[in-house]
Amino acid sequence: ALVLIFAFAAIAEIFSVFSGNPLLNWPVIMGSIASIAVLGTLAWMQNMYTAPIGLGYKYFGMCVALMLIIPVGLIFYNLIETLKGGALNMRAPLLFAIGALSAISLGLAAELQQSLVGAAWYLKNTTDSTAATHFALIGGAVFGGFAALHYWFPKITGRSMGEQLGRISFWTLAAGSLLAFVPMALAGWEE
């Protein structure tokens, strides 16, 4: 969840600019990002469910991981509401930002099921857990990073990045990540 902090901040800026709407509930989004920083640090314990640690620690990790639903949900709601009703300028930064939010939502929805102690025992070390983690990381780091790059590169250098190449790279990354991780997620349930 900590990798997603930077992606959420970049997506918030891009959504606001390319929709022509002010960012909805900016203080709520910033407070949610701050709470993700704290809760995400504690939620690492959900990756230790199959380790020989006390049951109390496992349930603590589960509760903290489930508490992350609230700030992440608030961010998603406010970002989507920022886009709603705006005149969307569908350029490469916005495509990457929407792709980032979509991939993050797929990854975190799958991670949610693995934050439950019982399900984690079943899904640990399966391709499903690998796919869920990578969907969230690809969404945050790769799509979010490319959204930020396409948005801030012209502001920093004064030179525009190729819009057509940006669109091609977005669709290539989107198709590649879906082709790589959806079969892994489906195969994880058969193991």
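The values are calculated or read from the model by the stated rules, or taken from the named source; none is laboratory data. Keep in mind that what you see is a predicted model, and the values were worked out from it rather than measured. A quick note on method: Cβ atoms are made from the backbone with ideal geometry, for glycine too, and the neighbour counts reach across all protein chains shown. Only protein heavy atoms, including side chains, enter the accessible area calculation; ligands, DNA and RNA are left aside. Shrake-Rupley method; radii C 1.70, N 1.55, O 1.52, S 1.80 Å.
Observations on the model:
- Ranked packing of 22-30, 83-91, 143-151, most packed first, by mean Cβ within 10 Å: 143-151, 22-30, 83-91
- Helix 26-42 vs. the chain, principal-axis angle (Cα, 0 to 90°, nearest 10): 30
- Between THR130 and ALA9, the distance separating the two model label sites (each 7 Å from Cα on the Cα→Cβ line) works out to 3.2 nm.
- Packing order of peptides 96-102, 2-8, 161-167, highest average first: 96-102, 2-8, 161-167 (average count of other Cβ atoms within 10 Å over each peptide's residues).
- For region 45-171: rounded, prolate or oblate by the Cα gyration tensor [a/c cutoff 1.5]: prolate
- Table column - 3J(HN,Hα) (Hz), region 97-112, Karplus curve with 6.51, -1.76, 1.60, x for Gly and Pro: 5, 5, x, 5, 5, 5, 5, 4, 5, 5, x, 6, 5, 6, 5, 4
- Accessible area of region 1-88 divided out per residue, in Å², using a probe of 1.4 angstrom: 51
- Evaluated with a Cβ-only charge set (Lys, Arg +1; Asp, Glu -1), the chain carries a dipole of roughly 380 debye about its Cα centre, given to the nearest 20.
- Placing unit charges on each Cβ (+1 for Lys and Arg, -1 for Asp and Glu) gives the chain a dipole about its Cα centre, and among ALA9, MET67, PRO52 the Cα reaching farthest toward its positive end belongs to ALA9.
- Share of carbon and sulfur in the accessible heavy-atom surface of the chain [1.4 Å probe, %]: 72
- Distance in nm between pseudo-label sites at PHE60 and THR41 (7 Å out along the Cβ direction from Cα): 1.5
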